[in-house]
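This report concerns only the one structure given below.
The values are calculated or read from the model by the stated rules, or taken from the named source; none is laboratory data. Keep in mind the model is a prediction, meaning the values are calculated, not measured. Cβ: placed from backbone, ideal geometry, glycine included. Neighbour counts: every protein chain shown.
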Amino acid sequence: MAQNIHPENDEKYIGLTVNEGISSPPTVNPYLHKTRKKRKQYTSTEFVEGILKGDRTILSQAVTLVESANYEHQLIAQEVIEKCLPHSGKSIRVGITGVPGAGKSTSIDTFGMHLIGSGKKLAVLAIDPSSERSKGSILGDKTRMEQLAIQENAFIRPSPSAGSLGGVARKTRETIILCEAAGFDTVFVETVGVGQSETAVHSMVDFFMLLQVPGTGDELQGIKRGIMEMADGIVINKADGNNIDKAKLAQGQFRNALHLFPATDSGWKPQVLTYSGYYGTGIAEIWEMVYQYIDFTKENGYFDFKRNEQSKYWMYESINEQLRESFYRNPEIQKMLTEKEHKVLNAEISSFVAAKQMLDIYFKGLTTKK
């Protein structure tokens, strides 16, 4: 006889009965125990074929490979980029920057819809700032591009800066090549805001646009001279309602300021335009300015010259990045870093001596391998 699991039901406990409980309910997710289906691993040839056909899913996966820190992923990514390179270079690359609150993402949404309406295919590459503490990113640019996000002829890809601006800038340049090979004839690169990232973005685009808003006090005070000098066009957003007079005042201030700068290498005189993203006014004039710049620089040869200079710049940047990674991945250096850091913090040796000692060992190791 099976043992009674409820001793309370024994005859000596008169009047007390405990009923059997129900069996354990099934797990909320009945498929939890099943292994997740693995995503298909494409070869470099399959990636290239999919990209050239304009398959956005394959393009997205290829961009993920480019952004990956995995060594094997990087090998495939570089092979894909190499094969896509002959099919790239036919787009207009536009960098868009501005102070926080200038409406960069909203403007991209508005500009993008204007371009798609005229039959263009647009790729938007937005560098999203990462938290210095958690290293996480919100990647919320897509949420502010409501109209563009649902368009078939638009591809939006936010990328976290992850604390390494140089790294993400290089990967953004490689992503441009993939997008161009996929048939996108216009590429926007949105920066994290006025600061260090502008130099990196300027070195990968044809036209550099600075967005500004009126009525924030001294319009010129918050903009670094270096950013102004890089701009091929300044666009004042929110020129509507009570802001129209303020926008015209800001337009005059920027035009006067630009006259004080030396002539640009391209020979182009940067223009200052106003527009309203809310009412959609002034958008056609902005793109007329961009196309005028492209035609102007193509006629005088500066367009091709600049792209060649950019390619050379990124070659040296890639060398610097690879050397840095090779140094920090070196087993001997990894063993020494903590020790040297401890000595520097305790003022036993200077920072420069510690760096030189480690570099000497690193280069000595390279010589020994030969």
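Of note:
- Residues located in the range 315-370, provided they are among the β-branched types (Val, Ile, Thr) and within 23 Å of residue 78 (Cα to Cα): 319
- Some residue of the range 298-305 being in the same structural domain as residue 198 (by TED's automatic domain parsing) and surrounded by 15 or more Cβ atoms within 10 Å (Cβ to Cβ): yes
- Cβ-Cβ under 6 Å pairs, at least 6 apart or on other chains, the range 304-316 side assigned to a helix (DSSP H, G or I), far side surrounded by 14 or more Cβ atoms within 10 Å (Cβ to Cβ) and of a type in the set (Gly, Ala, Ser): 310/203; 313/203
- Residue check, residue 336 farther than 27 Å from residue 170 by Cβ, touching a helix residue (DSSP H, G or I) at 6+ places or on another chain (Cβ under 9 Å) and surrounded by 11 or more Cβ atoms within 10 Å (Cβ to Cβ): yes
- From 191, 199, residue being in contact with a strand residue (DSSP E or B) (Cβ under 6 Å, 6 or more places away or on another chain) and either modelled with pLDDT under 90 or polar (S, T, N, Q) (or both): 191
- Residues in the range 310-332 that are surrounded by 14 or more Cβ atoms within 10 Å (Cβ to Cβ) and under 24 Å from residue 176 (Cα atoms): 310, 313, 314, 317, 318, 321.
- Residue list for the range 274-285, restricted to those being crowded, with 16+ Cβ neighbours inside 10 Å and either outside the structural domain of residue 297 (by TED's automatic domain parsing) or at pLDDT 85 or above (or both): 274, 275, 276, 282, 283
- The strands (runs of 3 or more DSSP E) falling completely within the range 71-170 that include 2 or more residues that are at pLDDT below 80 map to 122-128, 154-160.
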